[in-house]
Amino acid sequence: MPRLATKKILTTVIIKTETLPVMAEHDVVKARQMVRQWASEIGLSLVDQTKIITAASELARNMVIYGGGGTMEIQSLEQYGRRGVKLVFEDKGPGIADITQALKDGFTTGSGMGLGLGGAKRLSNEFEIESTPGQGTRIMIARWK
């Protein structure tokens, strides 16, 4: 007898969205402030706000230092009654040759501590990274209430 497989389809509604250019250090500060405001508006706890703000700060700073700047798109989401904040960081920089290595704590191509990508991943409920050497990097993180 044939078996019927079912797949759960998640419906996500975008409540609002905004894109911020992140080209310099003062834009990293703006990104942090925007994430703080949006996370507070959806009712994330102070701990969860701190986690998503810290992750956003690390990714925005990396984008400025290593990617030559780019954009941060922020979205307020609702999915089956839960609220969340989704951030997409995108640059046209040199890209990341070895993503697995770059996610390891202590790995750095600069003078930092090497906690940015791995730390951002740990601080997020969702994390996706796409990077092509010579074309740039796209990182998505999300935090849910």
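Within the range 122-139, count every residue that is among the basic types (Lys, Arg) and at pLDDT 95 or above. If you could, list the steps in order and put the result at the bottom.
Filtering the range 122-139 for residues among the basic types (Lys, Arg) gives 122, 138.
Restricting the remaining residues to those that are at pLDDT 95 or above gives 138.
So the count comes out to 1.
As a summary of the residue check, GLU73 satisfies the conditions (1) in contact with a Gly (Cβ under 7 Å, 6 or more places away or on another chain); (2) surrounded by fewer than 18 Cβ atoms within 10 Å (Cβ to Cβ); (3) part of a strand (DSSP E or B) except for the one numbered (1). Scan the range 58-80 residue by residue and report those that are hydroxyl-bearing (Ser, Thr, Tyr) and at pLDDT 95 or above. Once the filter is applied, which keeps residues that are hydroxyl-bearing (Ser, Thr, Tyr) and at pLDDT 95 or above, the range 58-80 yields THR71, SER76. Of all residues in the range 37-74, those being out of contact with any Leu (no Cβ under 8 Å at 6 or more places or on another chain) and of a type outside the set (Gly, Ala, Ser) number 16.
If you check ARG36, ARG83, which single one turns out to be outside any loop (DSSP other than H, G, I, E, B), surrounded by fewer than 19 Cβ atoms within 10 Å (Cβ to Cβ), within 14 Å of the chain's Cα centre (by Cα) and modelled with pLDDT of 95 or more? Result: ARG36 is the single residue among ARG36, ARG83 that is outside any loop (DSSP other than H, G, I, E, B), surrounded by fewer than 19 Cβ atoms within 10 Å (Cβ to Cβ), within 14 Å of the chain's Cα centre (by Cα) and modelled with pLDDT of 95 or more. Taking the criterion of being in contact with a Ser or Thr (Cβ under 9 Å, 6 or more places away or on another chain), basic (Lys, Arg), closer than 22 Å to GLU130 by Cβ and modelled with pLDDT of 95 or more, would at least one residue in the range 11-19 satisfy it? Looking for residues that are in contact with a Ser or Thr (Cβ under 9 Å, 6 or more places away or on another chain), basic (Lys, Arg), closer than 22 Å to GLU130 by Cβ and modelled with pLDDT of 95 or more, one finds none in the range 11-19, hence no. Picking from residues in the range 96-117 that are within 23 Å of ILE74 (Cα to Cα) and in contact with a Gly (Cβ under 9 Å, 6 or more places away or on another chain), the one that is modelled with the lowest pLDDT is LEU115.
The values are calculated or read from the model by the stated rules, or taken from the named source; none is laboratory data. Keep in mind the model is a prediction, meaning the values are calculated, not measured. Cβ sites come from the backbone with ideal geometry, for glycine too, and all protein chains shown count toward neighbours.
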